[in-house]
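J.: Below is one structure. I have some questions about it.
The values are calculated or read from the model by the stated rules, or taken from the named source; none is laboratory data. This one's a predicted model, so the numbers in the text were calculated from it and none came from an experiment. Positions of Cβ are generated from backbone atoms using ideal geometry, with glycine treated the same way; all protein chains shown enter the neighbour counts.
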Amino acid sequence: MSEPIFFLSLREPRRPYLIPLSFLLLIGICSFATAKVSKGKPTLCNLTDVEAGGLSGDASSDIHALPDYSNAVYGLLRARQFRKLDCLADSVRSTKEAFPGGMWKIHAIYSGLARPPLHPTQEDWTTHIKLLQQWVSLRPHSITARIALAESFANYGADARGTGFSDTVSQSGWKLFSERTAKAKQVLEQASALPAKDPEWYFAMQTVALSQDWAPDARRELLEKAVKFEPAYYYYYREYAYSIQPKWGGEEGEVARFMQEAADQMGGDAGDGLYFRVASTIVCGCQSDQQLNLSWPRIQKGFAAVEKQNGPSPENWNQLAHLAVSFTDAVVADKMFARMGDQWSEDIWQDHSVIESAQRWAKQAAPYTARRQAAEASAEANLHTPEGQNYDAVFAEKIHTWLQPCLEAQTGGELGKFELLIKVGKEGMIEDFSGSGTSPVTPCLGNKIMEFRQGKQAVFPPPPQADYWMRFDMNFENSPSAALK
């Protein structure tokens with residue numbers, strides 16, 4: 001069965017391809033200055049106090065500041081305040097204004113214009129499209145109006161297609177999806193002739209490219225042009241990374257390679273920040289995350305870089321907490337939940353019961369995870385010393401001796417992999433241990449280790465120092481005989 005659609009289109013399998021050197025060089029030499037972070041009440045564009053109220057939230061402390069901003073923009077559209085909308089968009093676009101946390105305000109404006117709120121009916125969509133068309137008609141030189149109309153057509157098409165698997169979509173659904181996506185492309189092509197330019201134009205065209213299943217080289221060329229126009233608009237990288245996921249036909253690990261190469265070419269805090277930005281929307285907290293092969297340490301480094309550069313933001317705290325849950329890092333998740341308090345994002349967590357469950361898990365697992373991380377760090381440090389490397393050879397040989405009868409007892413099936421951490425006392429006794437993994441041999445091996453520990457036997461030579469942590473990793477092939485070689 002085909003993959004379900006989560007955003008704007010279905011995709012057929014695509015052939016893998018390499019990221020071109022020209023693109024990597026491009027992002028390497030382009031500046032990656034962030035948008036200008038601002039707070040405070042808007043004073044331009046003759047906005048009334050009521051109109052400005054929803055645009056004045058403080059995203060450094062209020063998780064609702066961004067959705068309130070987008071909702072206020074939608075309110076201006078409903079009131080047919082087209083001149084004020086153009087003024088507001090021109091202002092934040094020209095100054096590259098951003099919220100605390102680094103989210104671009106121009107993108108938030110389009111979020112408020114790209115579809116009717118909540119769960120729109122056919123009547124809602126008809127009214128919404130007519131409003132945008134009226135705006136285009138009355139202000140034909142407005143780049144904002146045309147991009148908003150194009151994104152709305154694209155979303156209107158996705159609405160006709162639905163979110164189910166491709167074989168659940170009716171012929172009429174496919175027809176409407178195709179027609180409305182084609183209208184979105186047509187409007188964007190018309191907008192490209194206007195004197196004013198907007199980074200969102202490229203993002204909107206990327207959506208069209210994904211929906212119409214453009215060839216890989218065409219989508220790659222579009223990304224290169226987008227980055228050349230505005231390298232700091234990280235939404236481009238998100239959309240491109242989304243389009244090369246395995247569920248759309250990309251190779252396993254392709255997203256990770258793209259993200260690493262792009263971030264490395266940018267370098268420094270900007271590159272790390274980009275890695276976090278993309279990961280925060282690509283990682284879904286579902287089984288397909290394992291196919292992405294992303295770097296959890298770099299994600300955390302990127303979050304720190306973003307916060308350092310753009311200031312604190314509950315939006316980013318929610319993103320990192322969600323990522324931490326996906327990567328089963330209870331320590332980081334617990335810290336972010338503590339910072340968040342009641343500032344949780346409905347867009348990220350969907351339902352309060354989901355975040356409550358995640359919070360309970362983090363609170364319970366964080367102490368164990370902290371101890372395990374400390375043990376892993378100590379074992380890693382020991383392996384970087386000459387005496388530690390010598391001791392590791394003896395340690396591993398002993399583990400293999402215990403492991404052999406466990407393997408011989410297996411009658412077939414995949415053996416998986418596991419990680420073992422053992423703290424060796426000064427006399428060579430097992431003081432503590434923990435393990436993780438999916439191998440069926442771990443219960444057998446764990447019982448042996450428990451027997452040695454409870455019997456207080458000196459099963460290892462005395463280590464270089466007391467309370468010496470060592471690590472043993474095993475990744476089996478499909479048969480016990482292969483593992484015993």
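J.: Consider Ser481 carefully, then state whether it is under 25 Å from Thr369 (Cβ atoms) and either assigned to a loop (DSSP other than H, G, I, E, B) or at pLDDT below 90 (or both).
T.: For Ser481, the condition - under 25 Å from Thr369 (Cβ atoms) and either assigned to a loop (DSSP other than H, G, I, E, B) or at pLDDT below 90 (or both) - is not met.
J.: Among the listed residues Asp90, Asp58, Asp86, identify the single one that is loosely packed, with under 15 Cβ neighbours inside 10 Å and in contact with a helix residue (DSSP H, G or I) (Cβ under 8 Å, 6 or more places away or on another chain). I'd like the intermediate steps shown before the answer.
T.: Values: Asp90 fails: loosely packed, with under 15 Cβ neighbours inside 10 Å; Asp86 fails: loosely packed, with under 15 Cβ neighbours inside 10 Å.
Result of the check over Asp90, Asp58, Asp86: Asp58.
J.: Report yes if some residue within the stretch 448-465 is touching a Ser or Thr at 6+ places or on another chain (Cβ under 9 Å), crowded, with 17+ Cβ neighbours inside 10 Å, aliphatic (A, V, I, L, M) and touching a residue at least 12 places away in the same chain (Cβ under 8 Å); otherwise report no.
T.: No, that holds for no residue.
J.: Among the residues of the stretch 318-328, are any crowded, with 22+ Cβ neighbours inside 10 Å, more than 30 Å from Leu421 (Cα to Cα) and modelled with pLDDT of 95 or more?
T.: yes
J.: Sort out which residues of the stretch 218-240 are hydrophobic (A, V, I, L, M, F, W, C) and within 16 Å of Gln265 (Cα to Cα), and write them in order of number.
T.: Leu223, Val227, Ala232
J.: Let me ask something else. Inside the stretch 201-281, counting only helices (runs of 4 or more DSSP H) that do not spill past its ends, which hold 2 or more residues that are more than 23 Å from Gln190 (Cβ to Cβ), more than 18 Å from the chain's Cα centre (by Cα) and of a type outside the set (Gly, Ala, Ser)?
T.: Details: elements: 216-229, 235-243, 254-266.
So the answer is 216-229, 254-266.
J.: Consider Lys175 against the criteria (1) under 30 Å from the mean Cα position of the chain (by Cα); (2) without any contact (Cβ under 8 Å) to a residue 60 or more places away in the chain; (3) surrounded by fewer than 20 Cβ atoms within 10 Å (Cβ to Cβ): it satisfies all of them except one. Which criterion is unmet?
T.: Looking at each condition in turn, Lys175 falls short on (1).
J.: What number of residues within the stretch 282-306 satisfy the criterion of being over 13 Å from the mean Cα position of the chain (by Cα) and free of Cβ contacts under 8 Å to residues at least 40 places away in the same chain?
T.: 5
Residue-wise test of (1) at pLDDT 90 or above; (2) of a type in the set (Phe, Trp, Tyr); (3) under 14 Å from Phe476 (Cβ atoms).
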position	(1), (2), (3)
Glu408	no, no, yes
Thr411	no, no, no
Gly416	no, no, yes
Glu427	yes, no, no
Phe433	yes, yes, no
Pro440	no, no, yes
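J.: Name the single residue, out of those in the stretch 79-100 being in a loop (DSSP other than H, G, I, E, B) and in contact with a strand residue (DSSP E or B) (Cβ under 6 Å, 6 or more places away or on another chain), that is nearest to Glu307 (Cα to Cα).
T.: By that ranking, first place goes to Pro100.
J.: Can you name the number of the only condition in (1) outside any helix (DSSP H, G or I); (2) touching a residue at least 24 places away in the same chain (Cβ under 8 Å) that Thr411 fails?
T.: Result: Thr411 fails condition (2) only.
J.: Within the stretch 361-383, can one find any residue that is exposed (fewer than 13 other Cβ atoms within 10 Å of the Cβ), within 20 Å of Pro461 (Cα to Cα) and not assigned by TED's automatic domain parsing to the domain that holds Ile449?
T.: yes
J.: Only helices (runs of 4 or more DSSP H) wholly contained in the stretch 297-407 count here; list those with 2 or more residues that are among the β-branched types (Val, Ile, Thr).
T.: Fully inside the stretch 297-407 and qualifying: 330-340, 352-382.
J.: Cβ contacts < 8 Å: first residue within 15 Å of Val92 (Cβ to Cβ) and not assigned by TED's automatic domain parsing to the domain that holds Leu149, restricted to the stretch 189-207; second residue among the polar types (S, T, N, Q) and surrounded by fewer than 16 Cβ atoms within 10 Å (Cβ to Cβ), any location; separation 6+ or different chain. Result?
T.: If the second residue must be among the polar types (S, T, N, Q) and surrounded by fewer than 16 Cβ atoms within 10 Å (Cβ to Cβ), no pairs are left.
So that you can scan it fast, the table gives a plain yes or no per residue for (1) of a type in the set (Asp, Glu); (2) under 27 Å from Leu194 (Cα atoms):
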{"site": "Cys45", "(1), (2)": "no, yes"}
{"site": "Asp49", "(1), (2)": "yes, no"}
{"site": "Gly54", "(1), (2)": "no, no"}
{"site": "Ser61", "(1), (2)": "no, no"}
{"site": "Ala79", "(1), (2)": "no, yes"}
{"site": "Phe82", "(1), (2)": "no, yes"}
{"site": "Glu97", "(1), (2)": "yes, yes"}
{"site": "Arg115", "(1), (2)": "no, yes"}
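J.: Which ones in the stretch 175-194 are under 17 Å from Ala148 (Cα atoms) and either of a type in the set (S, T, N, Q) or in a loop (DSSP other than H, G, I, E, B) (or both)?
T.: Once the filter is applied, which keeps residues that are under 17 Å from Ala148 (Cα atoms) and either of a type in the set (S, T, N, Q) or in a loop (DSSP other than H, G, I, E, B) (or both), the stretch 175-194 yields Thr181, Gln186, Gln190, Ser192, Ala193, Leu194.
J.: Pick out the one residue from Asp58, Asp68, Asp124 that is among the charged types (D, E, K, R), over 26 Å from Tyr236 (Cβ atoms), under 24 Å from the mean Cα position of the chain (by Cα) and at pLDDT 95 or above.
T.: Selected residue: Asp58, the only one of Asp58, Asp68, Asp124 that is among the charged types (D, E, K, R), over 26 Å from Tyr236 (Cβ atoms), under 24 Å from the mean Cα position of the chain (by Cα) and at pLDDT 95 or above.
J.: Now for a different question. Working only within the stretch 271-301, note down all residues that are crowded, with 22+ Cβ neighbours inside 10 Å and over 20 Å from Lys247 (Cα atoms).
T.: Gly271, Asp272, Gly273, Leu274, Tyr275, Phe276, Arg277, Ile299 - these are the residues of the stretch 271-301 that are crowded, with 22+ Cβ neighbours inside 10 Å and over 20 Å from Lys247 (Cα atoms).
J.: Restrict the check to the stretch 106-116 and report whether at least one residue is modelled with pLDDT of 95 or more and loosely packed, with under 14 Cβ neighbours inside 10 Å.
T.: Step one: list which residues in the stretch 106-116 are modelled with pLDDT of 95 or more, which gives 106-116.
The next check asks that each one be loosely packed, with under 14 Cβ neighbours inside 10 Å; those that pass are none.
Taking every residue of the stretch 106-116 in turn, none turns out to be modelled with pLDDT of 95 or more and loosely packed, with under 14 Cβ neighbours inside 10 Å.
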